[in-house]
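Below is one structure, written out as structure tokens, with a few remarks after it.
Each reported figure results from applying straightforward, stated rules to the coordinates on display, with no laboratory input. Since we're looking at a predicted model, the values are computed, not measured. Cβ atoms come from the backbone with ideal geometry, glycine included; neighbour counts cover every protein chain shown.
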Amino acid sequence: MIDHSIFENKKATYLTLGCKLNFAETSAIGKQLSQVGVRKAREGEIADICVINTCSVTEFADKKCRQAVRKLIKENPGAYVIVTGCYAQLKPEDISGIKGVDIVLGSEQKLDVVAYLDELKKKDKGVIHTSKTAKIKSFVPSCSQDDRTRYFLKVQDGCDYFCSFCTIPFARGRSRNGSIDSMVKQAQEVAAKGGKEIVLTGVNIGDFGRTTGETFIDLIKALDNVEGIERYRISSIEPNLLTDEIIEFVSSSKRFAPHFHIPLQSGSDEVLKLMRRKYDTALFRHKVEKIKSVMPDAFIGVDVIVGTRGETDEYFEEARQFLESLDFSQLHVFTYSERPNTQALKIDHEVDPKTKHARCKVLLDLSDRKLEAFYQSQQGTERKVLFEHTRHDDIMYGFTENYIKVQTPFHENKANKIKIVTLGTFNGIKSALVEA
């Protein structure tokens, strides 16, 4: 049993890499440490405890994690260093070998961090605490606030899909979730703190209910009734799980924003088969057209991966043409990276780095054109903007319900408040519309 008195007056610093789900979980870790007397280190202070929550979505993400760990160790000499997250789960030995790391916590262990701190005694080499994926089965509620105005509510974790290119099921285990009642309670707590916007996060949020016998549509209907929350956003949701019922509900709901983030990954049906995705381009097109038919001004973000194994020039051109024909607002373009132990490694035809880079640029240029066209279509309209606290050279920013970034002169009384504004000209430098 650890004597909690050792934590009194200790200072901790937190670094989160990767997805919004990681940010929510880092917040939960911070809450655990604060409950035993650890406070967050202020700017300029050297921390006694460092917590790094890592990502492993690509090889570059792995490299970035290692660099971040070393940098934090250098900036906080003598600190007790805890590394967790997906990279820690998948490659714990890589991290434990970094001089200065004390413990490495896997996905099952990271949300019970206090139990592994071992009196905060520095180690000669990092001690690994991880479980095999079959044992990653706990669901620990997490809700975090970013440095702007939004809260991120974790509603689901893990994934059962095992796409050929992805290691998420190995890093986070199988799909699981909390109950609707528990999510509603957390949303009510956010409202009591004055929070206005909540983003629903998870690995595969459309799969909500796998462990409780509930459904995602029932979850959003319940959350829509929480008084005090101005708006919700649904983070990335698989196209095969984005039902017409969900789309129609969002279009008429009190609080859910007309904003969708849908992973396509490839606009080639042959590549989708190689990826082991659970839909084809026809289904994806239907989802986009359905959204636009009931919410013409909805923002639609789309994830795509370029340079996957098997993506020939012909298949990439098919994907590009498909994307050109879709009425979306923005692309999030990822370059394929080999991941150990994935089925994609068995696919013939590797794409060379130069070709990957060229394809990435093609799609990023397409994304810029689509985003500018969407923004221009909104000029002159009235929208509700939730302005952020942060200040940038006497300018403040906020987002409309349909995710248009808006800039206006800084006024403290606008922060964390919904204001109706008329959207003005497009500022290409900041990718924002100016309040008219």
Given (1) 41, 33, 22; (2) 85, 24, 16; (3) 34, 28, 22 as possible values of semi-axes √(5λ) of the Cα gyration tensor in Å, the one from the coordinates is (3)
The chain: most fluctuating residue of P77, P263, P141 per GNM, C-alpha cutoff 10 Å: P77
Treating every alpha carbon of the stretch 4-131 as one equal point scatterer without solvent, the Debye formula yields log10 I(q)/I(0) values at q = 0.17 Å⁻¹ of -0.79
Please work through the chain and write down the cysteines that have no neighbouring cysteine Cβ at a distance under 4.7 Å. C19, C50, C55, C65, C86, C143, C159, C360
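If you rank S325, S268, S96, S131 by fewest surrounding Cβ atoms within 10 Å, what's the result?
Numbers: S325 11, S268 25, S96 18, S131 15.
Least crowded to most crowded, the residues run S325, S131, S96, S268.
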For a paramagnetic label modelled at 7 Å from the Cα of H389 toward its Cβ, which residues of the stretch 407-425 fall within the zone defined by backbone nitrogen distances under 16 Å? 411-418
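State which entries of K121/K196; K40/K64; K132/K278 exceed 32 angstrom in Cα-Cα distance in the structure shown.
Correct reply: K121/K196.
Using only DSSP helix segments of four residues or longer, with each worth -39500 (n - 2.57), what per-residue ellipticity at 222 nm results for the chain after dividing by its residue count and rounding to 500? Kindly include the intermediate steps, with their values, before the conclusion.
Numbers: 12 runs with 138 residues, N = 436.
My calculation for the chain gives -9500 deg cm²/dmol from helical runs alone.
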Can you tell me the length gained on complete extension of the stretch A358 to K221, counting 0.36 nm per residue apart and subtracting the Cα distance? 45.0 nm
So if R0 is 45 Å, what FRET efficiency would N341 and H286 give, r being the distance between their Cβ atoms, rounded to the nearest 0.05? 0.85
Rg to Rh ratio, the stretch 382-435, alpha-carbon atoms and Kirkwood radius? 0.92
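So, with +1 on the Cβ of K and R and -1 on the Cβ of D and E, and no other charges, what is the size of the charge dipole of the stretch 89-195 about its Cα centre, to the nearest 20 debye?
Values: 18 positive and 14 negative charges, 23 e Å.
So the magnitude is around 120 debye.
Take every DSSP beta bridge with both residues inside the chain and express the antiparallel ones as a percent of the total, to the nearest 5.
Values: 22 of 64 bridges.
That works out to approximately 35 percent antiparallel.
State the extension gain, in nm to one decimal, for the chain segment bounded by E245 and S5, taking 0.36 nm per residue of separation less the distance between their alpha-carbons.
Details: separation 240, 0.36 × 240 = 86.40 nm, distance 5.23 nm.
In short, 81.2 nm is gained.
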Calculated FRET efficiency for the pair Q321/D112, C-beta based, R₀ 30 Å, to 0.05: 0.05
Distance in nm between D160 and Q379 label points, each 7 Å along Cα→Cβ, equals 4.9 nm
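What does the charge count around K196 come to, taking other residues whose C-beta lies under 9 Å from its C-beta (Lys +1, Arg +1, Asp -1, Glu -1)?
Result for the neighbourhood of K196: +1.
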Once amide H atoms are built 1.01 Å from N in the peptide plane, which residues 5 or more positions from V199, or in another chain, come under 5 Å H to H? Y151, F152, L153, R233
So how strong a dipole does the chain carry about its Cα centre when Lys and Arg Cβ are +1 and Asp and Glu Cβ are -1, to the nearest 20 debye? 980 debye
Along the charge dipole of the chain, which of P409, A28, H392 sits closest to the positive end, that is, farthest toward it, with unit charges on the beta carbon of Lys, Arg, Asp and Glu (+1, +1, -1, -1)? A28
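Are there trypsin sites (Lys or Arg not before Pro) in the stretch 335-436 that DSSP puts in a loop and that have at most 16 other Cβ atoms within 10 Å, and which ones?
Passing both the DSSP loop test and the Cβ count: R391, K417, K430.
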Amide H to amide H, which residues 5 or more places from T335 or on other chains are under 5 Å from it, using H placed in the peptide plane? V306
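If Lys and Arg each add +1 and Asp and Glu each add -1, what is the summed charge of the other residues whose beta carbon sits under 15 Å from the beta carbon of K135? Don't skip to the answer; put the middle values down first.
Values: positive: K110, K132, K137, R172, R174, R176; negative: E108, D112, D157.
Around K135, the charge tally is +3.
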Taking the simple approach of a point 7 Å from Cα along Cα-to-Cβ for both R276 and D303, what is their distance in nm? 1.6 nm
For the stretch 187-201, take each phi angle, set θ = phi - 60°, evaluate the Karplus expression 6.51 cos²θ - 1.76 cosθ + 1.60, and give the result in whole Hz per residue in order, putting x for glycine and proline. 5, 5, 5, 4, 4, 5, 7, x, x, 10, 10, 10, 9, 7, 10
Charges on Cβ only, +1 for Lys and Arg, -1 for Asp and Glu, centred on the Cα centroid of the chain; of S179, H349, S144, which one is farthest towards the dipole's positive end? S144
What distance in nm separates the simple spin-label points at K135 and D181, each placed 7 Å from Cα in the Cβ direction? 3.1 nm
Sort out for me the Cα centre separation of the stretch 56-124 from the stretch 162-225, rounded to whole Å. 27 Å
With x for Gly and Pro, the residue-by-residue ³J(HN,Hα) of the stretch 401-417, computed from phi through the Karplus equation 6.51 cos²θ - 1.76 cosθ + 1.60 at θ = phi - 60° and given in whole Hz, is 4, 9, 6, 8, 7, 10, 10, 7, x, 5, 9, 4, 6, 8, 4, 6, 10
Grab the other residues whose beta carbon is less than 11 angstrom from that of I6, score K and R as +1, D and E as -1, and report the net. -3
